[in-house]
1. Is there any pair with a first residue in the stretch 53-73 that is not assigned by TED's automatic domain parsing to the domain that holds THR105 and a second that is surrounded by 14 or more Cβ atoms within 10 Å (Cβ to Cβ) and in a loop (DSSP other than H, G, I, E, B) whose Cβ atoms are under 7 Å apart and which are 6 or more apart or on different chains, and what are they?
2. Quick check on my filter: what residues within the stretch 83-125 are in contact with a strand residue (DSSP E or B) (Cβ under 7 Å, 6 or more places away or on another chain) and within 14 Å of LYS62 (Cα to Cα)?
Amino acid sequence: MKKSNIILGGLVVIGVSIWSYHRGRANAIEELCEAMVTEMTTRVASKKKRPEYCLSRQDAEKTLSAMQDIIDSYGFATVADFKDLTGVQSTITDNRYGWTDLEGTTIKNILHGYRIDLPFSKYLK
């Protein structure tokens with residue numbers, strides 16, 4: 001079974017089985033589209049590193065309130081703090097970046113929940 005890269009819409013989808021596609025497998029196109037969406041999401045997330053998603057507006061508001069409490073207590077909140085509040089695993093680098101205020105932060109309604117748009121994080125000394 002030969003695996004190769006497929007270029008579709010300017011994106012390279014790696015490891016898609018051409019054999020399974022040509023054999024008429026019903027979900028091959030669906031798998032290809034899912035791989036493209038994953039690739040696009042990864043590219044966008046790696047460039048922006050800004051949007052985070054919450055299940056409900058109430059969760060988003062609680063997260064922002066907790067972030068403001070952290071800033072009020074310590075003078076800053078780290079990316080790791082934000083990820084902990086949203087249930088995302090953080091890395092050691094996340095402790096080096098953060099915010100001293102949340103000015104410009106918005107909560108936006110999206111298709112499957114709410115997104116918190118934070119300003120770009122800054123290096124914390």
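The values are calculated or read from the model by the stated rules, or taken from the named source; none is laboratory data. The structure presented is a predicted model; accordingly, all values stated were derived computationally and were not measured. Methodologically, a virtual Cβ is constructed for each residue, glycine included, from the backbone with ideal geometry; neighbour enumeration extends over all protein chains shown.
1. The qualifying pairs do not exist here.
2. Scanning the stretch 83-125 gives THR86, THR105, THR106, ILE107, TYR114, ARG115, ILE116.
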